[in-house]
């Protein structure tokens, strides 16, 4: 079975500083995809960044980057130059190629609060 | 604009009542999904559909039912058999099934029991 672990229930960061949100995963399938989503208080899930298990380079999308360490099975999200609008829940998720269903498994999330 | 529309935003259910949550997408996506979110928890998959007239159970399908008669629509019915229905429900879609296919989400429906 696939599992995603986010060990930080809550994080605080000063505005304009960088912050790292931790995510570890567990799967025996060599082919998988890792996602990060942001959930503001409005409730909608917003896609941030994707990393494939065979990708050689770490993914980047604007201020978001994914620190992918395959051997350690970690996929930490780095947000640079934090903004007040970054305050939200952040979820790490994984999709595995096996089993034919490509279900997306989510972690429990990290609540990020940006301090002015 | 293309997207996923969920309605209603808030829904109340009485004991023994079935309620239906609406989900419509105009993204021309093949796959659609229903997730349940409880406070302090991640999302858990209820049902998903890869094509019209076909759907599969997710991890927590008991007490729920779905239909997929049209590509654009994937309604979720919360039946009276679901004893703890209070939660936030999110509908999502993806162009197709695949390791790298990202999901697009609606804005959710908050269901509460009266």
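Structure above, values below:
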read-out: Subset of the stretch A:36-50 that is more than 9 Å from chain B (Cβ to nearest Cβ) and at pLDDT 95 or above - its residue that is farthest from the chain's Cα centre (by Cα); value: A:40
read-out: Matching entry among A:29, A:55, A:22 (being touching a helix residue (DSSP H, G or I) at 6+ places or on another chain (Cβ under 7 Å) and surrounded by 12 or more Cβ atoms within 10 Å (Cβ to Cβ)); value: A:29
read-out: Of the criteria (1) closer than 20 Å to residue A:103 by Cβ; (2) surrounded by fewer than 22 Cβ atoms within 10 Å (Cβ to Cβ), which one residue B:90 fails; value: (2)
read-out: Every residue from the stretch A:51-67 that is touching a strand residue (DSSP E or B) at 6+ places or on another chain (Cβ under 8 Å) and more than 14 Å from every other protein chain (Cβ to nearest Cβ); value: A:58, A:60, A:63, A:65, A:67
read-out: Which numbered condition residue B:85 misses (of (1) buried (at least 20 other Cβ atoms within 10 Å of the Cβ); (2) more than 11 Å from chain A (Cβ to nearest Cβ); (3) at pLDDT 95 or above); value: (3)
read-out: Check on residue B:62, over 22 Å from residue A:47 (Cβ atoms), more than 13 Å from chain A (Cβ to nearest Cβ) and within 14 Å of the chain's Cα centre (by Cα); value: yes
read-out: Subset tally (residues that are away from chain B (no Cβ under 14 Å) and exposed (fewer than 14 other Cβ atoms within 10 Å of the Cβ)) for the stretch A:1-19; value: 6
read-out: The stretch B:67-82, subset in contact with a strand residue (DSSP E or B) (Cβ under 7 Å, 6 or more places away or on another chain) and closer than 20 Å to residue B:15 by Cα, residue nearest to the other protein chains (Cβ to nearest Cβ); value: B:76
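The values are calculated or read from the model by the stated rules, or taken from the named source; none is laboratory data. Source: prediction; values computed, not measured. Glycine gets a Cβ as well: all are built from the backbone with ideal geometry, and neighbour counts include every protein chain shown.
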